[in-house]
Structure formats: structure tokens, C-alpha cells
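Structure first, then comments.
The values are calculated or read from the model by the stated rules, or taken from the named source; none is laboratory data. It should be emphasised that the depicted structure is a prediction, and the values quoted were computed from it without experimental measurement. All Cβ positions, even for glycine, are placed from backbone atoms using ideal geometry, and neighbour counts span all protein chains on display. Calculation scope for accessible area: heavy atoms of the full protein, side chains included, ligands and nucleic acids excluded. Shrake-Rupley method; radii C 1.70, N 1.55, O 1.52, S 1.80 Å.
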Amino acid sequence: MLTKRQNLLETIRGGNPDRYVNMFEAFAFTSFLPMSLHDNRPNEGDMNVVNSWGVTRSWPVGNPGPFPVHTPDKLVVKDIAEWRKYVKAPQVLYDSAEWERAIAHAESIDRKEQFVTTTFAPGIFEQTHYLCEIQNTLMAFYEEPEALQELFAFLGEYEISHAEQVCKYLKPDCLFQHDDWGSQISTFMAPDMFEEFLLPVYKKIYGYYKSHGVELIVHHSDSYAATLVPYMIEMGIDIWQGVMTTNDIPNLIKQYGGKISFMGGIDSATVDHEGWSEEEIRRKVFEACDACGKHYFIPSASQGGAMSTYKGVYEALGRQIDAKSAIDFG
């Protein structure tokens with residue numbers, strides 16, 4: 001039997017997997033990074049928590065995660081044309097003693113079994129609209145393009161400085177990055193605009209990770225982004241996680257399989273809800289696997305992590321993926 005790591009590599013390389021990759025099983029996420037420990041992150045039920053970027057976030061009970069608060073008094077960037085007045089990057093350099101817990105945790109992971117996986121969130125686009133508000137950010141593509149590109153570049157350099165420390169101390173095998181680039185039915189920007197504004201900065205970021213020993217780049221965007229796949233490939237993404245069914249995943253696999261793999265196929269809202277049932281989850285899992293096949297596809301809910309909003313849903317998904325593996329792989 002292949003290890004979880006081996007099975008994932010066989011799947012995304014078009015080899016001989018012996019089962020479906022069961023969602024996030026191959027990724028062992030690092031913990032205790034000094035940057036995270038020195039940040040303020042809300043838990044469910046927390047309201048108006050200010051993080052190290054000055055962004056205020058709240059996590060109302062029952063929501064899938066925290067969201068920025070953009071009332072006028074809490075908006076960080078008042079004018080994107082003058083973003084340098086408002087945006088101050090958090091600290092990334094910490095004494096080696098502050099890395100000891102993170103190093104110990106990373107060293108406890110069996111790298112033959114799983115990928116030591118570091119996480120970065122929010123990504124460039126999300127961080128920008130956290131700072132500036134979503135409508136202001138989208139308007140800036142047209143009204144303040146130079147300032148927006150400068151801000152993207154600044155955030156990209158910050159992420160690379162973050163990556164330098166992570167790669168130095170933890171030597172991860174995989175990066176899992178969050179950055180949503182669309183709604184369920186469309187991207188937030190035209191593909192040529194994405195190419196102009198976001199592709200260059202992500203090529204630098206992902207290129208840095210790849211050049212420093214990171215084998216896999218997994219990018220989360222639970223949205224429509226089918227028209228951005230060529231740019232995902234160019235920037236170095238190995239797995240697009242969070243792929244919703246509005247993207248016609250079977251066609252994407254046919255067109256791009258071997259260059260990029262797709263993790264998703266089960267829209268979280270269709271299974272992760274009040275009154276969910278095992279039968280409903282089984283149907284969605286089986287439909288996804290039958291439609292997408294054994295190669296270049298990892299069945300998963302679209303949510304960006306090994307979690308669910310409603311208790312028991314993630315575990316039920318795992319059981320049904322294993323059940324489908326027993327049928328399809330014998």
C-alpha cells in the first residue's frame with residue numbers, strides 16, 4: 001500500500017495510485033510559526049479583532065470563517081493612491097529561539113508519509129481587499145492601476161520575506177496558499193487583467209518556494225476560475241484546491257491534466273449544512289469521482305481546510321471517499 005504522500009504523487013502525475021487521495025490526508029500542516037503566534041486571529045464568536053496588519057475581523061457564530069470589518073472607522077487604507085501612508089508590514093524576523101516549537105513540530109512529521117505543509121493566508125488579492133475593501137479594490141484596477149500594482153508588489157515582497165524564514169527553519173515540502181479569485185460563477189477580474197496584475201507577483205512568490213525545496217504548491221480558491229488555469233500553471237501551481245462544480249472539472253482535467261491537478265468537485269454548501277445526511281454525502285462523493293476519474297483529481301469539499309462548518313461532515317466525506325476507493329480500486 002502506498003503512503004499518503006506517494007499516493008498523492010501517483011495521482012497528480014498520472015501514475016498508479018492505489019486509492020483516491022482522501023482530501024487533506026497527505027498534508028501535515030505546520031504550527032507555532034512566530035508570525036502566527038504574534039498575530040491576533042479571531043475564533044468563532046469573536047468580534048472586532050485587530051490583526052498585525054491593522055485589519056479588523058469578526059467571526060459570527062455559524063459562519064464558516066472570519067471576515068474583515070469595513071466600516072469607515074475600521075478601514076485601513078482610506079485612499080489606495082496613498083496606500084503607503086496606511087500599510088505597515090508585520091514583523092517577520094524572529095530570534096531562532098522563537099522558532100523552536102515550530103521546528104520541533106515539523107521534525108515530528110513523517111515526511112515519507114505526508115508533506116510538511118506550510119500555510120499562507122490571505123494571499124495577495126485577499127490581503128488587498130482586506131486592507132482596502134472589496135469594492136475599492138476592484139475599482140482600483142481601473143482608477144488607480146499603478147498604485148494597485150505597487151501594493152501587490154509590496155505584499156509579494158512581504159510574502160517572500162516570510163517564505164525566507166519558513167524555508168530556513170522548517171524546510172517545508174508543500175505550500176498551501178489561500179487567495180480567492182472569483183465568485184461561484186465568475187472571476188473577479190478578466191483573465192487579461194489577472195495576467196497583468198497578479199501573475200507576475202505570484203510567479204515570483206511561487207518561484208521562490210520552488211527554488212528553495214518546496215515540491216508542491218497547492219492554491220485554494222473556492223470559486224469559478226477555469227479561465228485562469230493557464231496562469232495557474234505558469235505561476236507554478238501543482239494543485240488547485242477548492243474547485244467548485246461550476247468549473248466543469250472533467251473538461252479541465254481533459255484539457256490540463258498532467259500540468260495541474262484539481263482538488264474539489266464537492267461544493268461545500270451542498271453537503272455542509274444543517275440537517276446533512278450520510279446518504280447525501282455518499283451521493284455527492286460518488287458523483288464527483290465518477291465524473292472526474294482517478295488521475296489529476298482529488299475528491300474534496302471546496303472549503304479550504306480539513307474542517308467543516310457542521311460537526312461530522314468532514315469525517316463523513318472521508319468515510320465515503322474510502323468507500324468509493326474500495327469499489328473503484330478493488
Can you find even one residue in segment 73-81 that is surrounded by 16 or more Cβ atoms within 10 Å (Cβ to Cβ) and either of a type in the set (Phe, Trp, Tyr) or under 23 Å from the mean Cα position of the chain (by Cα) (or both)?
no
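Part of a loop (DSSP other than H, G, I, E, B), at pLDDT 95 or above, open to solvent by 10 Å² or more (accessible area, probe 1.4 Å) and not acidic (Asp, Glu): is that true of Gly275 in this structure? Please lay out each step first, then the result.
Working: part of a loop (DSSP other than H, G, I, E, B): yes; at pLDDT 95 or above: yes; open to solvent by 10 Å² or more (accessible area, probe 1.4 Å): yes; not acidic (Asp, Glu): yes.
So Gly275 fits the description; yes.
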Of the candidates Gln184, Gln149, the one satisfying the condition of being part of a helix (DSSP H, G or I), surrounded by fewer than 19 Cβ atoms within 10 Å (Cβ to Cβ) and not charged (D, E, K, R) is Gln149
Requiring at least 1 residues that are closer than 30 Å to Asp328 by Cα and small (Gly, Ala, Ser), the strands (runs of 3 or more DSSP E) wholly within segment 20-135 are 27-29
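Pick from Ile298, Ile281, Ile321: which is closer than 26 Å to His219 by Cβ, within 20 Å of the chain's Cα centre (by Cα) and touching a residue at least 12 places away in the same chain (Cβ under 8 Å)?
On the way: Ile281 fails: within 20 Å of the chain's Cα centre (by Cα); Ile321 fails: within 20 Å of the chain's Cα centre (by Cα).
After ruling out the rest, the residue left standing is Ile298.
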Only one of (1) of a type outside the set (Ser, Thr, Tyr); (2) closer than 19 Å to Thr245 by Cβ; (3) touching a strand residue (DSSP E or B) at 6+ places or on another chain (Cβ under 9 Å) does not apply to Ala306, and that is (2)
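May I ask you to list the residues in segment 218-256 that are of a type in the set (Ser, Thr, Tyr) and under 16 Å from His295 (Cα atoms)?
Pass one, segment 218-256, residues of a type in the set (Ser, Thr, Tyr): 221, 223-224, 227, 231, 245-246, 256.
Correct list: Tyr256 only.
Yes/no matrix, rows are residues, columns are (1) open to solvent by 50 Å² or more (accessible area, probe 1.4 Å); (2) closer than 23 Å to Thr309 by Cβ:
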{"position": "Gly62", "(1), (2)": "no, yes"}
{"position": "Arg84", "(1), (2)": "yes, no"}
{"position": "Val87", "(1), (2)": "no, no"}
{"position": "Glu98", "(1), (2)": "yes, no"}
{"position": "Ala104", "(1), (2)": "yes, no"}
Within segment 152-181, restricting to residues that are in a helix (DSSP H, G or I) and among the aromatic types (Phe, Trp, Tyr), the one that is least open to solvent (accessible area, probe 1.4 Å) is Phe152
